[in-house]
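This report refers to the structure that appears directly beneath it.
The values are calculated or read from the model by the stated rules, or taken from the named source; none is laboratory data. Just so it is clear, the model here is predicted, and its values are computed rather than measured. Glycine gets a Cβ as well: all are built from the backbone with ideal geometry, and neighbour counts include every protein chain shown. For the accessible areas, the whole protein counts, side chains as well, though only heavy atoms, and no ligand, DNA or RNA atoms are used. Shrake-Rupley method; radii C 1.70, N 1.55, O 1.52, S 1.80 Å.
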Amino acid sequence: MLLQAIAISVFCYLGALSTPWLLGLTGGWYTITRPLVSGMIVGLILGDLKQGILIGVAIQTVYIAMVTPGGQMPADLNFVAFPAIALAMLSNASTEVAVTLATTIGVLGTIVFNLYQVVNSFWNHRAVAAIQEGDYRKFRLNAIAGPQATNFISRFVPSFLVVYFGSGFAKSMLDSMPQYLIDVMSYLGGVLPAIGIAMLLTAVVKENSLFLFFLLGFVCIVFLNLNMIALTIIAAVIAYLYYTGSSKKSVVMSNGVIDEEDDEEEF
């Protein structure tokens, strides 16, 4: 358990927003910190790959449309991706309860992130002073080493404490909860992914008619019981036909405009 907690906490640091070691944000924040990917990583570390992926997929839908403008986060996805998923797996929580647990930890994680930003202002002032003094060694110390040490402490330590010491507490807490509270957490965990999908549709869909495709996918899953592979193939075919039809319509419209302009010039 000690080695597992250390491994998960190291990945928590590597996937943080301010960690540059995995190709910057590309390999860290935008890859391993996605719950779908981190669920697989945590599942491999804890020896239950299937459950890790199932929990990761459920949590991913909640945060699928989350953006971080200016580095400000409504929830700390890094803590959601690693210690929260690990805690849910170690406490044998259901997928719905895991989603509720993860969203709670994600909101609490913003406190750590904001504290990290405040501490970074200290390093920033020292780095500016080092530039003015022309001391580049001191600048590198305050611009790279200091912030990364703070980043490591703010990520590794909370994640390790949650995974190593919190698993038993979370399991006993869930076992002692009355059934109606478990039911409420399950209902909330079922609704939150729908909210994430709704946020994504609001951001992506520009025409109301496109919601018909979403409705078709819903019918295929719920009533026709198609698996994801079959639904993906159907979606790809429909997308191709829609794109081809839209392209031909655009060409026809543009040709019509050109013909009208030619007629006006001849007249």
Nearest-0.05 FRET efficiency for T244 and L188, computed from C-beta distance (R0 45 Å)
0.60
Could you state the number of Å between the C-alpha centres of segment 83-158 and segment 1-50?
14 Å
Could you give the angle, 0 to 90 degrees to the nearest 10, between helix 146-176's Cα long axis and the longest principal axis of the Cα atoms of the chain?
90 degrees
Everything considered on the Cα gyration tensor (a ≥ b ≥ c; rounded for a/c under 1.5, else prolate if a/b is larger than b/c, else oblate), segment 78-228 must be described as oblate
What number, in percent, do you get for the relative contact order of the chain if the mean sequence gap of Cα pairs under 8 Å and at least 6 apart is divided by its residue count?
21 percent
The helix 228-266 Cα axis meets the longest alpha-carbon principal axis of the chain at an angle in degrees, between 0 and 90 and rounded to 10, of 50 degrees
Cα coordinate range in the chain, projected on the principal axes (Å, largest first):
79, 63, 28
Any idea which of Y187, V128, S246 is furthest toward the positive side of the dipole for the chain, if Lys and Arg beta-carbons carry +1 and Asp and Glu beta-carbons -1?
V128
Going by average Cβ density within 10 Å per residue, which order do the peptides 195-208, 37-50, 79-92 take, highest to lowest?
79-92, 37-50, 195-208
Mean residue ellipticity (222 nm) of the chain, computed from DSSP H runs ≥ 4 via -39,500 (n - 2.57), nearest 500:
-25500 deg cm²/dmol
I'd like the orientation of helix 35-46 relative to the chain: the angle between its Cα long axis and the longest Cα principal axis, in ° from 0 to 90, rounded to 10.
40 degrees
Any idea of the accessible area per residue across the chain, 1.4 Å probe, to the nearest Å²?
59 Å²
When a/c reaches 1.5 or more, the comparison of a/b and b/c decides; with that in mind, is segment 7-130 rounded, prolate or oblate per its Cα gyration tensor?
prolate
Tell me the carbon and sulfur percent of the accessible area for the chain, rounded to whole percent, probe radius 1.4 Å.
71 percent
Going by average Cβ neighbours within 10 Å, how do the peptides 104-111, 120-127, 239-246, 8-15 rank, with the highest at the top?
8-15, 104-111, 120-127, 239-246
Using only the Cα atoms of segment 61-165, build the gyration tensor, take square roots of its eigenvalues as a ≥ b ≥ c, and label the shape rounded, prolate or oblate: rounded if a/c is under 1.5, else prolate if a/b is larger than b/c, else oblate.
prolate
Given R₀ = 41 Å, what would the calculated FRET efficiency be for F223 paired with S121, taking r from the Cβ atoms and rounding to 0.05?
0.15
Extension gain from I234 to L212, taking 0.36 nm per residue of separation minus the Cα-Cα distance
6.5 nm
Ranked packing of 21-32, 226-237, most packed first, by mean Cβ within 10 Å
21-32, 226-237
Area accessible to solvent at V184, 1.4 Å probe radius, in Å²:
70 Å²
Dipole of segment 126-235, Cα-centred, from +1 at each Lys and Arg C-beta and -1 at each Asp and Glu C-beta, to the nearest 20 debye?
500 debye
